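Okay, structure first, notes after.
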Amino acid sequence: MPRKVTAASRKLAPAVTARVQESKPQTPKDLDTARFAAILDEHIDSARAKIDTVLADIREVTAAAKDTPADDEHDPEGTTVTVERANEVSMLAALEASLVELLDARVRLDDGAYGVCERCGEPIPEARLEIRPEARFCVACAAAARRR
Ligand SMILES: [Zn+2]
């Protein structure tokens, strides 16, 4: 049974890709692009501010680590610093990835290719775009993509 499902989804994949390439997504006519431009800009600004904060934190942690001698006595503290820095760095990576998504969505908006699901071609509900203005997929397709 699981083997059959895998074969079926493999067969389906190229067809889905082809359909996406055929028609360029177009921003739904009734979408208030000015409003979503403002929402996107707001999200972009806040992502940039968060990145600046995390970068400052990393600099602080790194500077603090330099002042801490790396002897056995300070080892527990050293580990804390390392873990803290690793957390900050992975947070930074996540923030940068979401900033890239937001900037890409901003470009799509200017291109007139915004607010349409890249998988099924249906308009993405505005309520979803208000929360995730960088969304590329409708809820159903996003869920389907996560299951793959
Ligand atoms: Zn969809």
Scope the stretch 104-135; condition aliphatic (A, V, I, L, M) and touching a Pro at 6+ places or on another chain (Cβ under 7 Å); matching residues: Ala105, Ala113, Val116
Candidate set from the stretch 98-110 (those that are among the charged types (D, E, K, R) and either crowded, with 16+ Cβ neighbours inside 10 Å or at pLDDT below 95 (or both)); member that is nearest to the ligand (Cβ to nearest atom): Arg108
Unique match (being within 22 Å of Pro123 (Cβ to Cβ) and in contact (Cβ under 8 Å) with a residue 12 or more places away in the chain) among Ile51, Ile39: Ile39
Scan of the stretch 113-138 for residues that are hydrophobic (A, V, I, L, M, F, W, C) and within 8 Å of the ligand (Cβ to nearest atom), ordered by number: Cys117, Cys120, Ile124, Phe137, Cys138
Tabulated pairs, the stretch 83-104, first part of a helix (DSSP H, G or I), second among the basic types (Lys, Arg), C-beta under 7 angstrom, 6+ apart or interchain: Leu95/Lys50; Leu99/Arg48
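The values are calculated or read from the model by the stated rules, or taken from the named source; none is laboratory data. Computed from a prediction, not measured in an experiment: that's the story for all the values here. Glycine gets a Cβ as well: all are built from the backbone with ideal geometry, and neighbour counts include every protein chain shown.
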